[in-house]
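The values are calculated or read from the model by the stated rules, or taken from the named source; none is laboratory data. Everything quoted here is computed from the prediction, not taken from an experiment. Cβ sites come from the backbone with ideal geometry, for glycine too, and all protein chains shown count toward neighbours.
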Amino acid sequence: MYWIEENNSDNNNSDTIDYTFNINCKEIPIDHIYQLSKSIEKILPWITSNTGLHHIHCPAEGNGWERPSSTHNTNTIQLSKRTKLKLRIPSSRLNDIKKLSSQTIFIDGYPIIINNGNYKPVTPHETLFSRFIPYNPEASEEEFIQLFAQKLQEHDIIPKKILCGKTNSFQFPDKTISTRSIMIANLNNENSLRLQQIGYGTMQHFGFGIFIPHKDINALS
């Protein structure tokens with residue numbers, strides 16, 4: 001755990017949006033993010049730069065700290081009709097992203113029909129959470145947090161309270177990506193917006209390092 005006392009700021013302006021598409025899809029592989037990203041990249045080549053692709057998931061357990069798990073010992077997850085496809089993009093790409101509407105992509109043969117969507121600007125929240133932050137599994141939790149805090153400080157983001165969560169791994173064609181979930185609390189408005197806009201690391205188009213609002217850190221106790 002990492003803990004410093006806070007200050008605040010009133011900057012609420014953002015040029016980043018979350019665009020959410022309705023989709024028709026009954027089932028996809030649990031480990032789907034690589035194929036999902038590559039399928040969307042064929043339609044929107046620009047997603048590899050300044051774009052975040054949220055993992056498709058069922059309602060989370062444990063306040064969002066659990067990665068969706070398979071049922072009946074399979075490698076897929078069953079999706080509800082309310083499941084969405086969400087991308088975080090600069091507002092300048094608002095018209096460009098609409099090209100995804102009415103497209104059908106395939107993940108291991110499972111079709112995802114992408115319907116119309118809507119968007120909302122990213123807004124500041126005191127507590128932010130990322131399900132998947134890439135990390136070196138040989139590093140200790142303390143080493144991971146210190147490196148994470150150092151990287152944020154390079155962008156003038158001063159984290160006040162940091163808490164690590166669950167580990168996961170994702171299989172890519174040439175490597176395995178290990179991740180940890182992380183929560184940051186007591187962010188001022190300016191730092192909260194900046195962190196959501198820039199994210200963490202260079203793999204946000206694969207769903208890593210994207211920050212979303214979360215309940216107060218005290219809810220975990």
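Brief remarks follow.
- Among the residues of the range 170-201, the one identified as part of a strand (DSSP E or B), under 15 Å from the mean Cα position of the chain (by Cα) and among the aromatic types (Phe, Trp, Tyr) is 170.
- Of all the listed residues (61, 6, 66), the sole one being modelled with pLDDT under 85, of a type outside the set (Val, Ile, Thr), more than 21 Å from the chain's Cα centre (by Cα) and not in a strand (DSSP E or B) is 6.
- Only a single item in (1) crowded, with 17+ Cβ neighbours inside 10 Å; (2) over 26 Å from residue 78 (Cβ atoms) is not met by residue 158, and it is number (1).
- Test: residue in the range 200-213 that is over 19 Å from residue 55 (Cβ atoms) and in contact with an Asp or Glu (Cβ under 8 Å, 6 or more places away or on another chain): no
Yes/no matrix, rows are residues, columns are (1) buried (at least 19 other Cβ atoms within 10 Å of the Cβ); (2) in the same structural domain as residue 36 (by TED's automatic domain parsing); (3) touching a Cys at 6+ places or on another chain (Cβ under 6 Å):
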| residue | (1), (2), (3) |
| --- | --- |
| 80 | no, yes, no |
| 88 | yes, yes, no |
| 94 | no, yes, no |
| 99 | no, yes, no |
| 104 | no, yes, no |
| 109 | no, yes, no |
| 113 | no, yes, no |
| 147 | no, no, no |
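- Residue match in the range 108-123 (condition: at pLDDT 95 or above and among the acidic types (Asp, Glu)): no
- Restricting attention to the range 16-56, the residues that are part of a loop (DSSP other than H, G, I, E, B) and not charged (D, E, K, R) add up to 10.
- The residues of the range 99-122 that are among the charged types (D, E, K, R) and farther than 19 Å from residue 18 by Cβ amount to a single one, 108.
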